[in-house]
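The structure appears right after this line, and notes come after that.
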Amino acid sequence: MSQERLIEIETGILSENDRYAAANRARLAGQGVFAVNLVSSPGSGKTTLLCATIRAMTADGAGDVAVIEGDQQTSNDADRIRETGAPAVQVNTGKGCHLDGHMVGHALDHLHLHDGATLFIENVGNLVCPAAFDLGEDAKVAILSVTEGEDKPLKYPDMFTAARIALLNKIDLAPHCDVDLDLYEANLRRVNPTIEIIRVSARTGEGLDQWIGWLRSEAAAKRLAQAAE
Ligand SMILES: Nc1nc2c(ncn2[C@@H]2O[C@H](COP(=O)(O)OP(=O)(O)OP(=O)(O)O)[C@@H](O)[C@H]2O)c(=O)[nH]1
Ligand SMILES: [Mg+2]
């Protein structure tokens, strides 16, 4: 296949995706839902962090959350989320390496999403493909765990450029590994100077308050912006 034809097909796929993503965004805005798309390499701790986040958000009865889980196979992650009491829909992408706007639209049809809720979308573990696909979310959240290596933002810049915030996870392991947390942050800022960074541990709960504070203030800012329209 010629390079021109390949580019034509890729452009077509992305613009079709953008139409589905725009429909999702309008639907979520109509319900006052704040949606984040969690992106990372496999095993960085997305599901563990989500379970801890949901438990903390709902502990005071104030959190209304729902989750769309993306994996190539299994419903393991949706099962783990449901154990917290939150509703979850699993999307299996088969050979696909990322969620897309169409899949998320179908998942929304099966999710009983309350007005004003927070929607977490856990993308397929992959540091490349999910960066290119808008799902209709308000923000992409990149999870980077301290065992992955300080150079990952430099090697996979698209993901960290697309993200509004990075959660540097598994910091409980930092003392046991030869890692430089400041270098992780410096490399994240080299590829995305405006990225917010929070150091967290899904295991110990460190940093979770700050992360939940970010979610709540971003959701409030979205509501304010919508009210002003
Ligand atoms: N020590 C430590 N381990 C963690 C932390 N967060 C996650 N883990 C462990 O990391 C492993 C992978 O965690 P998952 O939550 O399944 O990672 P994931 O990003 O959802 O993985 P995929 O969905 O397969 O991409 C599990 O063994 C978790 O217990 C953390 O903050 N500290
Ligand atoms: Mg997971």
Odd one out for Pro130, checked against (1) open to solvent by less than 20 Å² (accessible area, probe 1.4 Å); (2) closer than 20 Å to Val33 by Cα; (3) not hydrophobic (A, V, I, L, M, F, W, C): (2)
Flag for Ala174 being under 24 Å from Ser217 (Cβ atoms) and of a type in the set (Gly, Ala, Ser): no
Checked the stretch 199-217 for anything within 13 Å of Leu144 (Cα to Cα) and open to solvent by 10 Å² or more (accessible area, probe 1.4 Å); matches are Arg199, Ala202
Leu168 fails exactly one of (1) more than 28 Å from Ala22 (Cα to Cα); (2) among the hydrophobic types (A, V, I, L, M, F, W, C); (3) more than 17 Å from the chain's Cα centre (by Cα), namely (3)
For residues in the stretch 25-44 being within 13 Å of ligand 2 (Cβ to nearest atom) and out of contact with any helix residue (DSSP H, G or I) (no Cβ under 7 Å at 6 or more places or on another chain), which is nearest to Ser217 (Cα to Cα)? Ser44
Counting only residues in the stretch 110-134 that are aliphatic (A, V, I, L, M) and within 16 Å of ligand 1 (Cβ to nearest atom), the one farthest from Asp18 (Cα to Cα) is identified as Leu127
Can you go through Gly101, Gly70, Gly94 and tell me which one is open to solvent by 20 Å² or more (accessible area, probe 1.4 Å) and out of contact with any His (no Cβ under 7 Å at 6 or more places or on another chain)? Gly94
Restricting attention to the stretch 1-12, and to residues there that are open to solvent by 90 Å² or more (accessible area, probe 1.4 Å) and part of a helix (DSSP H, G or I), which single residue is nearest to Asp64 (Cα to Cα)? Glu10
For the list (1) outside any loop (DSSP other than H, G, I, E, B); (2) more than 16 Å from ligand 2 (Cβ to nearest atom); (3) open to solvent by 10 Å² or more (accessible area, probe 1.4 Å), I need the number of the one condition that Arg80 fails. (2)
If I ask for residues that are hydrophobic (A, V, I, L, M, F, W, C) and touching a residue at least 60 places away in the same chain (Cβ under 8 Å), which ones from the stretch 193-210 would you list? Val200, Ala202, Leu208
Specify the residue that is farthest from ligand 2 (Cβ to nearest atom); the eligible residues are those in the stretch 51-76 that are touching a residue at least 24 places away in the same chain (Cβ under 8 Å) and among the acidic types (Asp, Glu). Asp64
Return the pair list, or none, for Cβ contacts closer than 8 Å from residues in the stretch 22-50 that are over 19 Å from Asp109 (Cβ atoms) and in a strand (DSSP E or B) to residues that are among the polar types (S, T, N, Q) and away from ligand 1 (no atom under 16 Å from the Cβ), at least 6 apart or on different chains. Phe34/Thr118; Val36/Thr118
Can you confirm whether Leu144 is under 29 Å from Thr58 (Cβ atoms), touching a Leu at 6+ places or on another chain (Cβ under 7 Å) and in contact (Cβ under 8 Å) with a residue 40 or more places away in the chain? yes
Examine the stretch 39-50 for a residue that is open to solvent by 60 Å² or more (accessible area, probe 1.4 Å), more than 16 Å from ligand 1 (Cβ to nearest atom), modelled with pLDDT of 95 or more and not charged (D, E, K, R), and state whether such a residue exists. no
Failed item in (1) open to solvent by 10 Å² or more (accessible area, probe 1.4 Å); (2) under 22 Å from Met57 (Cα atoms), with His106 passing the rest: (2)
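The values are calculated or read from the model by the stated rules, or taken from the named source; none is laboratory data. Everything numeric in this text was worked out from a predicted model, so none of it was measured. Heads up, the Cβs are rebuilt from the backbone with ideal geometry, glycines too, and the neighbour counts pull from every protein chain shown. To get the accessible areas, we keep the full protein, side chains included, count just its heavy atoms, and leave off ligands, DNA and RNA. Shrake-Rupley method; radii C 1.70, N 1.55, O 1.52, S 1.80 Å.
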